Amino acid sequence: MKKLLFLFFAILPYYLIAQDSKVEKVILEFRYFKYPTTEYRIDYKKNELTCIKKYKTYDYNDTIVFNKTYKFTNKDFEIIKHELNQNIPDSVLLKSEPTLDGGGFVINYFRKNRKKSELIINNPSRKSEKYIHEFKIIDNFFDFAYSIVKDSTGIKTLDETYDPYFTGLPIRKISENPLEYKIWGNISGNASWKNDLIPFLESLPKDKCVIIDCDNQLSYSWQEDILRLYIIKNSNLRFANMDWLKYTREKIIEFKEKIKSIGNNETELNKLKKTTTYNLYMNNIVEIDKWLELPEKLIFTTVEEYKKNCL
């Protein structure tokens with residue numbers, strides 16, 4: 001019995017120290033060029049996630065535009081809690097890469113004993129093995145956050161934060177009937193690049209209407225390719241929120257006028273042949289002309305309008 005008591009009192013100080021050094025709160029801060037600053041506070045004791053979005057004003061003060069707290073269960077938190085507890089720095093740990101217009105994130109750990117430590121990551125590259133652990137935390141954090149944040153403003157805040165660090169195709173299913181998808185993150189390049197967008201679009205059902213909310217996230221070149229490959233071909237895919245299409249339409253109209261005005265002027269014609277508008281129009285004259293004849297409201301149909309007839 002004495003031995004047990006001795007063992008108990010010998011272990012007790014270490015147990016109390018361990019309990020006192022447990023993490024009670026974590027704050028993840030994200031900053032990226034041309035993106036809003038966001039902050040996510042995880043309160044271990046209250047089982048709460050607080051999402052905050054803010055912008056810098058001209059006097060360099062923060063203006064908070066979104067601030068909402070969500071409850072979660074221990075089961076929701078299980079995976080990300082495990083990841084956050086791996087390799088917690090004792091004080092401040094900085095890992096950085098030199099680059100222009102970069103960004104990064106900071107993970108702040110707050111312990112019961114009020115001791116704070118930070119993991120600061122500047123301009124990380126997903127291709128570098130140096131940041132495997134950090135990106136595993138980030139990916140698991142957003143899996144966790146998306147599982148409990150369900151309102152549109154909260155999801156948009158998560159999307160804006162995750163976009164610069166996300167790998168893959170940023171598309172999610174919104175509804176089954178009608179079948180609707182949303183492109184939530186930026187997709188650059190065009191159809192000639194090695195990409196996942198065309199295979200995804202080609203995998204969608206061809207026997208019913210499918211709505212694709214592009215959320216103005218496609219590059220100008222992608223929107224031209226979508227016009228060429230799907231829209232003018234009367235595809236069953238209905239694309240909404242394609243902001244650059246109005247400029248494509250204007251350019252094609254200007255191009256047609258230019259063709260008429262230059263006549264047989266070879267010099268001017270050769271200049272036009274070097275433009276993407278020339279290839280787009282001359283290779284699809286009949287389809288493009290039909291598209292130009294449509295009322296503008298049919299060219300720029302909204303998701304809500306598609307839903308009325310897309311069943």
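Only strands (runs of 3 or more DSSP E) wholly contained in the stretch 25-124 count here; list those with 2 or more residues that are surrounded by 12 or more Cβ atoms within 10 Å (Cβ to Cβ) and touching a residue at least 60 places away in the same chain (Cβ under 8 Å).
Values: elements: 37-43, 48-56, 62-71, 92-96, 103-111, 116-122.
Where strands (runs of 3 or more DSSP E) fall fully within the stretch 25-124 and carry at least 2 residues being surrounded by 12 or more Cβ atoms within 10 Å (Cβ to Cβ) and touching a residue at least 60 places away in the same chain (Cβ under 8 Å), they are 37-43, 48-56, 62-71, 103-111.
Quickly run through the stretch 206-239 and pick out the residues that are part of a strand (DSSP E or B), open to solvent by less than 40 Å² (accessible area, probe 1.4 Å) and touching a Phe, Trp or Tyr at 6+ places or on another chain (Cβ under 6 Å). Walk me through it before giving the result.
Step one: list which residues in the stretch 206-239 are part of a strand (DSSP E or B), which gives 210-213, 218, 237-239.
Among the residues that remain, those that are also open to solvent by less than 40 Å² (accessible area, probe 1.4 Å) are: 210-213, 218, 237, 239.
If the condition is that a residue be part of a strand (DSSP E or B), open to solvent by less than 40 Å² (accessible area, probe 1.4 Å) and touching a Phe, Trp or Tyr at 6+ places or on another chain (Cβ under 6 Å), then ILE211, ILE212, LEU237 are the ones that fit.
Evaluate the following for LYS127: is it within 15 Å of LEU28 (Cα to Cα) and of a type in the set (Lys, Arg)?
Working: within 15 Å of LEU28 (Cα to Cα): no; of a type in the set (Lys, Arg): yes.
Taking the combined requirement at face value, the residue does not satisfy it.
So, in the stretch 167-186, of the ones that are free of Cβ contacts under 8 Å to residues at least 24 places away in the same chain and closer than 15 Å to LEU197 by Cα, which residue ends up surrounded by the fewest Cβ atoms within 10 Å (Cβ to Cβ)? Talk me through it step by step, then tell me what you get.
To start, the set of residues in the stretch 167-186 that are free of Cβ contacts under 8 Å to residues at least 24 places away in the same chain comprises 172-173, 175-176.
Those left that are additionally closer than 15 Å to LEU197 by Cα: 172-173.
Details: ARG172: 15, LYS173: 9.
Residue satisfying both the conditions and the ranking: LYS173.
Among the residues of the stretch 171-200, how many are closer than 16 Å to SER152 by Cα and within 17 Å of the chain's Cα centre (by Cα)? Step through it out loud before you land on a result.
Step one: of the stretch 171-200, the residues closer than 16 Å to SER152 by Cα are 171-175, 180-185.
Now drop any that are not within 17 Å of the chain's Cα centre (by Cα), which leaves 171-174, 181-185.
Adding up the residues that qualify gives 9.
Among (1) within 18 Å of the chain's Cα centre (by Cα); (2) open to solvent by 60 Å² or more (accessible area, probe 1.4 Å); (3) at pLDDT 95 or above, which single condition is SER203 missing?
The failed condition is (1).
Please enumerate the residues belonging to the stretch 272-285 that are touching a helix residue (DSSP H, G or I) at 6+ places or on another chain (Cβ under 9 Å) and either open to solvent by 50 Å² or more (accessible area, probe 1.4 Å) or not in a helix (DSSP H, G or I) (or both). Walk me through it before giving the result.
Step one: filter the stretch 272-285 for residues touching a helix residue (DSSP H, G or I) at 6+ places or on another chain (Cβ under 9 Å), giving 272-273, 275-284.
Correct list: LYS273, THR275, THR276, ASN279, MET282, ASN283, ASN284.
Against the condition more than 14 Å from LEU237 (Cβ to Cβ), open to solvent by less than 50 Å² (accessible area, probe 1.4 Å) and modelled with pLDDT under 95, how does GLY189 come out, does it pass?
Working: more than 14 Å from LEU237 (Cβ to Cβ): yes; open to solvent by less than 50 Å² (accessible area, probe 1.4 Å): yes; modelled with pLDDT under 95: yes.
So GLY189 fits the description; yes.
Taking the stretch 286-304 as the region of interest, how many residues are assigned to a helix (DSSP H, G or I) and open to solvent by less than 80 Å² (accessible area, probe 1.4 Å)?
Step one: list which residues in the stretch 286-304 are assigned to a helix (DSSP H, G or I), which gives 286-293, 296-299, 303-304.
Narrowing further to those that are open to solvent by less than 80 Å² (accessible area, probe 1.4 Å): 287-289, 291-292, 299, 303.
The number of residues fulfilling the criteria is 7.
The values are calculated or read from the model by the stated rules, or taken from the named source; none is laboratory data. Please read these numbers as outputs of a predicted model, since none were measured by experiment. Cβ coordinates were reconstructed from backbone atoms using ideal geometry, including for glycine residues, and neighbour counts include every protein chain displayed. To get the accessible areas, we keep the full protein, side chains included, count just its heavy atoms, and leave off ligands, DNA and RNA. Shrake-Rupley method; radii C 1.70, N 1.55, O 1.52, S 1.80 Å.
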